[in-house]
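Note sheet for the following structure.
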Amino acid sequence: MRRLARPLLVLGTVLVVLGLSKAHAVAHEYDFTASSRFVWAMAYSMLLVLAAYGIGLPDLTRTRRSALAAALGSTVAAAIGISLAQLVTGSALLPRFVVLGTPAVLLPFYALCSAVSADGRSRSGQRDRLVVVAGIDESIHLTDELDANPERPAVLVRVLAPAEAASRTADRQPLLDIVRSTGATTVVLDRAAQADDSIVAQAAVIHESGVRVRTLSLFYDEWLGKLPVSELERVSLMFDIGEIHRARYGRMKRIVDVVVSAAGLPLLAAVTPVVVLGNLVGNRGALFYRQDRVGKNGRVFEILKFRTMRPEADGNGEWTATDDPRITPFGAWLRRTHLDELPQVLNILTGHLSVVGPRPEQPKYVEELEGKIPFYRLRHLVRPGLTGWAQVKYAYGANEADAIEKLQYEFYYLRHQGLALDLRIIGRTVRAVAGGGGR
């Protein structure tokens, strides 16, 4: 049910907008599909979907009241957006009947989609009951991960050390007994458990009974959207990378990059005077901040941002901490709104950056991390990104430990790289920006 909620919202939005547009065309006797209004109706549909996703529909609202508030906010925002487009162009792109009628119809529909998603969350939480066979450190880490930001909700009902799960006599099957007594639906085995024949034999019986069995690596991938740090080196060569092994994907990704960056240029031109004025008041110094970063295949390029720190602090190359005292008040606003990143549309246009990819790091940090993590250089096989899976899944990194944590998400991205995941990341980024997430 939860997976149905999103496509239901998208399909319903398109049908409502097209249906109202067609009704207006019939009433006023013109050919809707042959007119420019068809294109604008689709644009209005996409604007509605984007606004809904950005505000948290259908899966982030927890109560009926919050669902209705989100539905009202997103539909009104989209209606205002298309109205502003009509004002700028000086043309009635869509009839008022469609612009104003759509929010009225979609308000209860969006609330219904939220209810469908909430029902799916409830069922999912009840469905995934885990028994984990792993060492104590790995078990503690997995517990923390499930409490943090899982892709699929699950509850940990029992943790066993491999020695506890092993069967030493023919009539004793501890793992099988615990799975049956706890009503577990998924069993997770670490590397040591997989090496024990008696545990694997029990897992085979468990699998035949309909209970899912996963290696630790696969569980992290499916439930948490990352790869465990203990498995990174082992699996670093065991998957295809879309940008390298699928030529068509690489070409399509570059086309998307060029289109998005070209669309961002007018916005950059509009925002720049505002930043100039803001700098005169509370952020005196150079307009842009430039810094060397490591790009695809290890090539160094100069990344471009609006400056957010005091001029004397910008060039020291230190990790940026939350509430860093070097950030000026106006710079903090730029970071909070993510407008400081906007000049990077130029980096995307020139091919140094992609819209989606691992975030580029400074050369000195790359050198340090490559010396400590032999497989760290794998992230540089693809073009770095303005946003990425690690950015939407993990808080802003400010030290080496955070870099290692984010690497687990970056390996997940490399493993699953494709247009579908790229669009998913872009959608989550829009949601984070709309929700005021900042650094």
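Kindly evaluate ALA170 against the criterion of being surrounded by 16 or more Cβ atoms within 10 Å (Cβ to Cβ) and at pLDDT below 85. So ALA170 fails the test. In this entry, LEU232 passes the filter for residues that are in contact (Cβ under 8 Å) with a residue 60 or more places away in the chain and in a helix (DSSP H, G or I).
Summed over segment 293-304, the residues that are assigned to a strand (DSSP E or B) and either closer than 17 Å to ARG377 by Cβ or aliphatic (A, V, I, L, M) (or both) give a count of 6. Across segment 93-112, what is the number of residues that are closer than 23 Å to SER35 by Cβ and without any contact (Cβ under 8 Å) to a residue 60 or more places away in the chain? Qualifying residue count, segment 93-112: 5.
This table checks each residue for (1) part of a loop (DSSP other than H, G, I, E, B); (2) at pLDDT below 85.
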site	(1), (2)
GLU367	no, no
ARG383	yes, no
ASP402	no, yes
TYR409	no, no
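Condition check: in a helix (DSSP H, G or I) and free of Cβ contacts under 8 Å to residues at least 24 places away in the same chain. Does ASP177 satisfy that? It is true that ASP177 is in a helix (DSSP H, G or I) and free of Cβ contacts under 8 Å to residues at least 24 places away in the same chain. Scanning for something assigned to a helix (DSSP H, G or I) and more than 30 Å from PRO150 (Cβ to Cβ), does segment 47-63 turn up at least one residue? There is at least one residue in segment 47-63 that is assigned to a helix (DSSP H, G or I) and more than 30 Å from PRO150 (Cβ to Cβ).
Looking at the structure I just gave you, is ALA78 within 26 Å of HIS24 (Cβ to Cβ) and assigned to a loop (DSSP other than H, G, I, E, B)? In short, no.
Residue by residue, here is whether (1) of a type in the set (Asp, Glu); (2) out of contact with any Ser or Thr (no Cβ under 8 Å at 6 or more places or on another chain); (3) surrounded by 21 or more Cβ atoms within 10 Å (Cβ to Cβ); (4) in contact (Cβ under 8 Å) with a residue 24 or more places away in the chain holds:
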residue: LEU8; (1), (2), (3), (4): no, yes, no, yes
residue: VAL26; (1), (2), (3), (4): no, yes, no, no
residue: PHE32; (1), (2), (3), (4): no, no, no, no
residue: SER36; (1), (2), (3), (4): no, yes, no, yes
residue: LEU48; (1), (2), (3), (4): no, no, yes, yes
residue: ALA51; (1), (2), (3), (4): no, no, yes, yes
residue: ASP59; (1), (2), (3), (4): yes, no, no, yes
residue: ARG65; (1), (2), (3), (4): no, yes, no, no
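The values are calculated or read from the model by the stated rules, or taken from the named source; none is laboratory data. Note that the coordinates shown come from a computational prediction; the quantities given were computed from them, not determined experimentally. Note that we place each Cβ from the backbone using ideal geometry, even for glycine, and neighbour counts take in every protein chain shown.
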